[in-house]
Amino acid sequence: MTSRNEELFARAQRTIPGGVNSPVRAFRSVGGTPRFLKKALGARVWDADGKEYLDYVGSWGPAILGHADPVVVEAVRAAALDGLSFGAPTEREIDMAERLCELLPSMEMVRLVSSGTEATMSAIRLARGFTGRDAIIKFEGCYHGHADSLLVKAGSGLLTFGNPSSAGVPEDFAKHTIVLDYNNPAQLEETFKTRGDAIACVIIEPIAGNMNLIKPSAEFMHLLRRLCTEHGAVLIYDEVMTGFRVGPRGVQGLFGITPDLTTLGKVIGGGMPVGAFGGRRDIMQKIAPLGAVYQAGTLSGSPVAVAAGLASLDQIARPGFYELLTARTTRLVEGLTASAAKHGVTFTADSVGGMFGLYFAKAVPQSYADVMGSDKDSFNRFFHYMLDAGHYFAPSAFEAGFVSAAHSEADIDSTIATADAWFAANAA
Ligand code: PMP
C-alpha cells in the first residue's frame, strides 16, 4: 500500500525540483520518503498519514517555544487583521530593533530582512563596502545561507582561495573567499599574517550548527577577535541559528566576546520569515539610504512576521526560560549517551542551550574533518528506527537538533527509551 507521504512525494517531484523547496527536506542523506507535514503543535508534528512524531527539528530552529504557540499565533492573527504588508515603516519595526539592540549589546543599529541568507549576504556586502576590501574568510563546514560568496569550499592547498561548492557560482566570486579550518588557531594566524590587510571580514558560526554541533575553543575565538581588530577586518558572528537559542544573549553572551556585526534569523521570526543584521553604528551607517552600500526588501520588516517575532522574544525573556530549555536538552543528551554507553555503542552527544548534536563517533568532533569521520551509516539506521517509532530527528548526520520549551520530561524520556531499544539491538 502506498502511503500518502509517498503519493505526495511522487506528485511533488513532477512540479518541484526534487519534490522540495529546500534540499535537506528531500531525505537524500538518509534515504526513504520525506514526511509531508500538515500540522504542528507544541513538541509534536503530524504527517500526511496522520502519524504523530515528537519533533527535534523545530523548523530547523525557530520553534523554540514549541509549534503554534498560542501567544504567537494570536499576535499573528491580530497583526494580519491590520494588514499584511505596507512597504512603509511601522512602529513595530522600531520595537523589534530596540529589543534586539537591548538584548545584544554589540548591536547599536539593526536592519530587518526576511531570511538568514539575506542577513549574511547583506552583512558581507556591508563589510566589503565599509573596508573597501574584497577578500572574506569563512570556515569549512559553517553554513551561512546560499549567497554566491558563501557557496565556497576550501581550495587544494593551505591558504589558497576557495572553489565554488555549487555550480553557477563564478570562480571570480569564489576566489575572494578564503576557507579555513574551524578551531585551527595556527592556520588563522598564518592567514592573517600573509593576507590580513586584504580581508574585509571573517564570518563564523560562533558555535557551529551546520556540521552537526561543534563548539569552538576559547583560544580560537579570542584570537579571531584580536586578529580582526589588529587588521581592521569586520568580525561577523552568524547567529542565525544560535541567536536566542543557546541563551538569552546568543553565543556572544556566553563567550563575552563582542563581534562587529551579527546576523540573526530563525528564533527572532517565531516561525515567520524574519532575519536581521546589525552591529557597530559606524559600520551600519554605511547602509543605504545613509551610506553607499545598497540593501533593500519589499517585505522587509513585514508587520505580521515582526509581530510573531516580538511575541516570541517576549516569552523567551520569562525568568527561568533558558534554565528549563537547557535542562530538557541536557536530559536528552545525557540519557542518550548513557544508554549508548550501557550497550557499548560508539556514540556521544553534546548540547548548548536548546541545541544538540548526536555523533556516532568516539569523541565530540572539533572540526569538519572530525565530523566527516563519524559513522553515517549507523546514524541513518538510527534515524529511520526513531522516525518509524515517532521521533523526528534532522534527516542528516551533519545537522544539529533542537529541543523546545514544549518538550516535557516525559517526552524526552520516551525518546531516550526508544533509542535505548535501538542501542540494545545494535550493542557492540
Ligand atoms: N546562517 C546560519 C548559521 C544558518 O543556520 C542558516 C540556515 N540554516 C542560514 C544562515 C541561512 O538562513 P535561511 O535558511 O533563513 O536563509
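The values are calculated or read from the model by the stated rules, or taken from the named source; none is laboratory data. If you're wondering where the values come from, they're calculated on a predicted model, not measured in any experiment. Backbone-built Cβ (ideal geometry, glycine too); neighbour counts: all protein chains shown.
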Checklist outcome for this item: Selection from the stretch 105-145 of residues out of contact with any Gly (no Cβ under 7 Å at 6 or more places or on another chain), part of a helix (DSSP H, G or I) and within 11 Å of the ligand (Cβ to nearest atom) yields 123
Checklist entry - Being surrounded by 22 or more Cβ atoms within 10 Å (Cβ to Cβ), over 17 Å from residue 361 (Cβ atoms) and in contact with a strand residue (DSSP E or B) (Cβ under 7 Å, 6 or more places away or on another chain), is that true of even one residue in the stretch 413-423? => result yes
Checklist entry - Restricting to the stretch 1-57, what's the tally of residues that are within 24 Å of residue 401 (Cα to Cα) and hydroxyl-bearing (Ser, Thr, Tyr)? => result 5
Checklist entry - Before we move on, is residue 230 away from the ligand (no atom under 16 Å from the Cβ), of a type in the set (Asp, Glu) and touching a Leu at 6+ places or on another chain (Cβ under 9 Å)? => result no
Next on the checklist: Cβ-Cβ distance below 9 Å, separation of 6 or more or different chains: which pairs start in the stretch 191-208 with a residue that is of a type in the set (Ser, Thr, Tyr) and end on one that is more than 14 Å from the ligand (Cβ to nearest atom) and not in a helix (DSSP H, G or I)?
Outcome noted: 191/137; 191/158; 191/159; 191/178; 191/180; 191/199; 194/159
Checklist entry - Do any helices (runs of 4 or more DSSP H) lying entirely in the stretch 224-337 carry at least 3 residues that are in contact (Cβ under 8 Å) with a residue 24 or more places away in the chain and buried (at least 24 other Cβ atoms within 10 Å of the Cβ), and which ones are they? => result 303-316
Checklist entry - What number of residues within the stretch 352-372 satisfy the criterion of being of a type in the set (Gly, Ala, Ser), at pLDDT 95 or above and surrounded by fewer than 23 Cβ atoms within 10 Å (Cβ to Cβ)? => result 2
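Do the conditions hold for residue 167, that is, is it buried (at least 24 other Cβ atoms within 10 Å of the Cβ) and either assigned by TED's automatic domain parsing to the domain that holds residue 120 or closer than 30 Å to residue 271 by Cβ (or both)?
On the way: buried (at least 24 other Cβ atoms within 10 Å of the Cβ): no; either assigned by TED's automatic domain parsing to the domain that holds residue 120 or closer than 30 Å to residue 271 by Cβ (or both): yes.
So residue 167 fails the test.
Condition first: basic (Lys, Arg) and in contact with a strand residue (DSSP E or B) (Cβ under 8 Å, 6 or more places away or on another chain). Now tell me which residues in the stretch 353-397 satisfy that.
Narrowing the stretch 353-397 to residues basic (Lys, Arg): 362, 376, 381.
Hit for the stretch 353-397 is 362, nothing else.
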Next on the checklist: Among the residues that make up the stretch 74-91, is at least one of them of a type in the set (Lys, Arg) and touching a strand residue (DSSP E or B) at 6+ places or on another chain (Cβ under 7 Å)?
Outcome noted: no
Next on the checklist: Among the residues in the stretch 390-397, are any among the hydrophobic types (A, V, I, L, M, F, W, C) and either free of Cβ contacts under 8 Å to residues at least 24 places away in the same chain or out of contact with any Phe, Trp or Tyr (no Cβ under 8 Å at 6 or more places or on another chain) (or both)?
Outcome noted: no
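Identify, from the list 124, 94, 64, the residue that is outside the structural domain of residue 373 (by TED's automatic domain parsing), at negative phi and buried (at least 20 other Cβ atoms within 10 Å of the Cβ). Working first, answer last.
Working: 94 fails: buried (at least 20 other Cβ atoms within 10 Å of the Cβ); 64 fails: outside the structural domain of residue 373 (by TED's automatic domain parsing).
So the residue among 124, 94, 64 that is outside the structural domain of residue 373 (by TED's automatic domain parsing), at negative phi and buried (at least 20 other Cβ atoms within 10 Å of the Cβ) is 124.
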